[in-house]
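K.L.:
Here's a structure for you.
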Amino acid sequence: MAEPTGRASVPGAPATHGSGRKHVAVREYVSDLVARELDVGDAIPSERALSERFGVARMTVRQAVDALVADGILVREQGRGTFVAPRRVDFEMRLTTFGEEMRRRGMRPDSKVLAADKVPAPADVAEALGIQPGRLVHYLCRVRYADGTPMSIEQTWVPVALVPDLFEHGAPGSVYEALRRFGLDPAWGEETLAASEADERESALLSMRGRRAVMRAERRTYSESGPCAYSRACYRGDRYSVWVPLGTPTKVLVPRQPAPAEA
């Protein structure tokens, strides 16, 4: 009886059955390496090494690595190679501060203040806060860090008329906590998210090489008396993912129509 044809199995590598499963086996192997042996910033085996180990084409290896890059497990650096990516932080849609979210994840938050001053409100900021353009607002711009790594650039505007002494003792560590001390408890908010590329300044402040994707968040915060803060944040796309809880749609109740009157 003739022996079956095909490649011999590779010691230490999962068996592959059909071209549709080959890239899956490579992906699972590399993913397991990341979980068990490699640290953040470590290089993964080269495409050539993985191709020889699994007995597959380099295009198949590239397909597997592409999937792990898309999942945020690996990161490619042009001219250098492919490395284990930093752990992503889920960006939960809640009315909380950066510091609260990082501490909830067991990370140490920190900030670098780039600007803290009273400035005339630009037209778009004034519209968001429901005030006249040119009225004074507190402007705070910070780089936000988690465990020493820059994560986001955050700009916040608060009407001076609401909180005249917001910067009396320097920039507050938490704008929300400062608002609460002045009797303006943030009650609810609305946020818009968008994706774009970082500009050169943002890339430098966030320690990103080259032009990289960022997630932009625009938030308007309300107290019981109306808008109390407006902010824009730029988050590293390689360190954040968005987490949104979903529920089933609420049943729409249609008022019962009165029966037509008889003729």
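FYI, it's all coordinate maths here, none of it is from the lab. All values derive from a computational prediction rather than experimental measurement. Cβ sites come from the backbone with ideal geometry, for glycine too, and all protein chains shown count toward neighbours.
K.L.:
Using Cα centres only, tell me the gap between the range 97-163 and the range 170-222 in whole Å.
P.N.:
6 Å
K.L.:
Name the residues of the range 104-145 whose amide N is less than 18 Å from a point 7 angstrom out from the Cα of residue 161 along the C-beta direction?
P.N.:
The answer is 118-139.
K.L.:
For residue 238 and residue 52, what is the calculated FRET efficiency with R₀ set at 30 Å and r taken between the beta-carbons, to the nearest 0.05?
P.N.:
0.50
K.L.:
Give me the distance in nm between label points sitting 7 Å out from Cα along the Cα-to-Cβ direction at residue 111 and residue 135, one decimal.
P.N.:
2.3 nm
K.L.:
Another one. Where in the range 136-159 is the amide nitrogen less than 19 Å from a point lying 7 Å along the Cα-to-Cβ axis of residue 213?
P.N.:
Once the point is set 7 Å along Cα→Cβ of residue 213, 151-153 turn out to lie under 19 Å by backbone N, inside the range 136-159.
K.L.:
Note down the magnitude of the dipole of the range 19-84 about its Cα centre, charges +1 on Lys and Arg C-beta and -1 on Asp and Glu C-beta and zero elsewhere, to the nearest 20 debye.
P.N.:
Its charge dipole is roughly 320 debye.
K.L.:
Indicate the gyration tensor shape class of the range 89-243 (rounded, prolate or oblate), computed on the Cα atoms with a ≥ b ≥ c the square roots of the eigenvalues: a/c under 1.5 is rounded; otherwise a/b larger than b/c is prolate and the rest oblate.
P.N.:
prolate
K.L.:
Assign unit charges at the C-beta atoms only (+1 for Lys and Arg, -1 for Asp and Glu), then state the dipole size of the range 89-243 relative to its Cα centre in Debye, rounded to the nearest 20.
P.N.:
The dipole magnitude comes to about 380 debye.
K.L.:
Further question: Can you bin the range 19-84 into rounded, prolate or oblate? Criterion: square roots of the alpha carbon gyration tensor eigenvalues sorted a ≥ b ≥ c, rounded for a/c under 1.5, prolate for a/b above b/c, oblate for the rest.
P.N.:
prolate
K.L.:
In percent, how large is the relative contact order of the range 89-243, given Cα pairs closer than 8 Å and 6 or more residues apart?
P.N.:
24 percent
K.L.:
Simple spin-label model, 7 Å along Cα-to-Cβ: residue 123 to residue 199 in nm?
P.N.:
Distance between label points: 1.8 nm.
K.L.:
Right, another one. Counting pairs of alpha carbon atoms under 8 Å apart in space and at least six apart in sequence, what relative contact order in percent does the range 95-160 give?
P.N.:
Worked out over the range 95-160, it gives 31 percent.
K.L.:
For a protection proxy built on the mean count of beta-carbon atoms within 10 angstrom, sort 212-224, 168-180 highest first, please.
P.N.:
Top of the packing list down: 212-224, 168-180.
K.L.:
Now for a different question. In nm, give the distance between the simple-model label positions of residue 181 and residue 36, each being 7 Å from the Cα along the Cα-to-Cβ direction.
P.N.:
5.2 nm
K.L.:
Once the Cβ-Cβ distance between residue 69 and residue 190 is put in as r, and R0 is 35 Å, what FRET efficiency do you end up with, to the nearest 0.05?
P.N.:
Approximately 0.60, to the nearest 0.05.
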